[in-house]
Ligand SMILES: [Zn+2]
């Protein structure tokens, strides 16, 4: 069966996923969302010890099991210390582009379950007061979180229940325009999570079985390097769906599905990558083959951890990654088609 793209289904998945804060290490709510989806599709779900989620879909060929993965964890911040003036000093979780966080809204999650709103500022925030308001470098040392609470001292902040190690999540500012532009933080990689859930939705609704057994895996520590370091032993082949790079001499645009031949971790499986390129050609997809200059994926993590698998990396083109990102429904559609035709061997 041909793939049919349903924009409203994907748009809802994107909006719902983005509304759940899930920086690396604080992903339990996002994985619970995926578990609910698996239950709704009546597909088996399991959670690994470190919190990754796996949805299982049996295939026509019961002998082979393949993995398809995307990461549900995102970039974030964590409280490093509370300053004597009641402002918060932070440390990065993953690698957000810090200047892009200037003046962004955020939430602080305490270990007792309280949530406080605030804003991220540079320590020279006012043009009328600080000569270096525009020129000051934006780093962990020159930025801070100011809470929307009347607090002027460390003790007052501590009374709110805020302490070192609390997560600070910044607002993804998710917008999908009527003509299909998707603007949001964390399209890396929740856009791919939405793509995978959208494919499962389509296959379940139309009673389509994949060629091989599939373990759809959602990892929770990709941004810090070890997301898919563990994968189940029966997996022989892993298709990693993660954002495609755009910029400089790269071929990919926000309208394409990107196929990565090599990234910082080295080349991906030659045969599998070649098969995916052939599949994209066969179905006349808008695709690009690229080398990602500063990148490592969950497939790299699985290979580094010693798994004897073939692995490839594809994903929707995402502009301005780790900043305020941008992609399109066209790229989502192209990516869904490539994954779907790969799974169904069409
Ligand atoms: Zn990613």
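The values are calculated or read from the model by the stated rules, or taken from the named source; none is laboratory data. What you see is a predicted model; the values in this text were computed from it and never measured. Note: ideal-geometry Cβ built from the backbone for every residue, glycine included; neighbour counts use all protein chains shown.
Per-residue answers, yes or no, for (1) in the same structural domain as residue 59 (by TED's automatic domain parsing); (2) in contact with a strand residue (DSSP E or B) (Cβ under 8 Å, 6 or more places away or on another chain); (3) within 18 Å of residue 216 (Cβ to Cβ):
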position	(1), (2), (3)
1	no, no, no
13	yes, no, yes
21	yes, yes, no
35	yes, yes, yes
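Sort out for me the helices (runs of 4 or more DSSP H) sitting completely within segment 270-346 that have 3 or more residues that are under 16 Å from the mean Cα position of the chain (by Cα).
Working: elements: 270-282, 298-304, 329-344.
It comes to 298-304, 329-344.
Out of segment 213-234, which residues are surrounded by fewer than 23 Cβ atoms within 10 Å (Cβ to Cβ), more than 16 Å from the ligand (Cβ to nearest atom) and in contact (Cβ under 8 Å) with a residue 40 or more places away in the chain?
213, 215, 230, 232, 234
Go through segment 305-320 residue by residue and tally those that are surrounded by fewer than 22 Cβ atoms within 10 Å (Cβ to Cβ) and within 16 Å of the ligand (Cβ to nearest atom). Before you say what the answer is, go through the steps one by one.
Looking only at segment 305-320, we keep the residues that are surrounded by fewer than 22 Cβ atoms within 10 Å (Cβ to Cβ), and these are 305-310, 319-320.
Narrowing the set further to residues that are within 16 Å of the ligand (Cβ to nearest atom) leaves 319-320.
Matching residues across segment 305-320 total 2.
Has segment 164-185 got any residue that is within 18 Å of the chain's Cα centre (by Cα), assigned to a loop (DSSP other than H, G, I, E, B), more than 16 Å from the ligand (Cβ to nearest atom) and under 30 Å from residue 153 (Cβ atoms)?
yes
Restricting to segment 268-281, count the residues that are surrounded by fewer than 11 Cβ atoms within 10 Å (Cβ to Cβ) and within 17 Å of residue 331 (Cα to Cα).
1
Given (1) outside the structural domain of residue 324 (by TED's automatic domain parsing); (2) loosely packed, with under 14 Cβ neighbours inside 10 Å; (3) more than 26 Å from the chain's Cα centre (by Cα), identify the lone condition not met by residue 62.
(1)
What single numbered condition from (1) within 16 Å of the ligand (Cβ to nearest atom); (2) under 15 Å from the mean Cα position of the chain (by Cα) fails to hold for residue 33?
Going through the list (1) within 16 Å of the ligand (Cβ to nearest atom); (2) under 15 Å from the mean Cα position of the chain (by Cα), residue 33 breaks only (1).
Could you list, in sequence order, the residues of segment 236-257 that are under 22 Å from the mean Cα position of the chain (by Cα), more than 12 Å from the ligand (Cβ to nearest atom) and either more than 29 Å from residue 92 (Cα to Cα) or crowded, with 17+ Cβ neighbours inside 10 Å (or both)? Walk me through how you get there before you give the answer.
Taking segment 236-257 and keeping what is under 22 Å from the mean Cα position of the chain (by Cα), we get 237-247, 250-257.
If we keep only those that are more than 12 Å from the ligand (Cβ to nearest atom) too, we end up with 237-239, 246-247, 250-257.
Hits for segment 236-257 are 237, 238, 239, 246, 250, 251, 252, 253, 254, 255, 256, 257.
Looking at 78, 46, 1, can you tell me which residue is surrounded by fewer than 22 Cβ atoms within 10 Å (Cβ to Cβ) and modelled with pLDDT under 95?
On the way: 78 fails: modelled with pLDDT under 95; 46 fails: modelled with pLDDT under 95.
Of 78, 46, 1, the one residue that is surrounded by fewer than 22 Cβ atoms within 10 Å (Cβ to Cβ) and modelled with pLDDT under 95 is 1.
When you scan segment 252-269, do you find a residue that is assigned to a loop (DSSP other than H, G, I, E, B) and free of Cβ contacts under 8 Å to residues at least 24 places away in the same chain, even just one? Write out each step before concluding.
In the first step, residues of segment 252-269 are kept if they are assigned to a loop (DSSP other than H, G, I, E, B); the result is 252-256, 264-265, 268-269.
Still in the running and free of Cβ contacts under 8 Å to residues at least 24 places away in the same chain: none.
No, the conditions are met nowhere in segment 252-269.
Here are the criteria: (1) surrounded by 19 or more Cβ atoms within 10 Å (Cβ to Cβ); (2) not in a loop (DSSP other than H, G, I, E, B). Tell me which single one residue 96 does not satisfy.
With respect to (1) surrounded by 19 or more Cβ atoms within 10 Å (Cβ to Cβ); (2) not in a loop (DSSP other than H, G, I, E, B), residue 96 is out only on (2).
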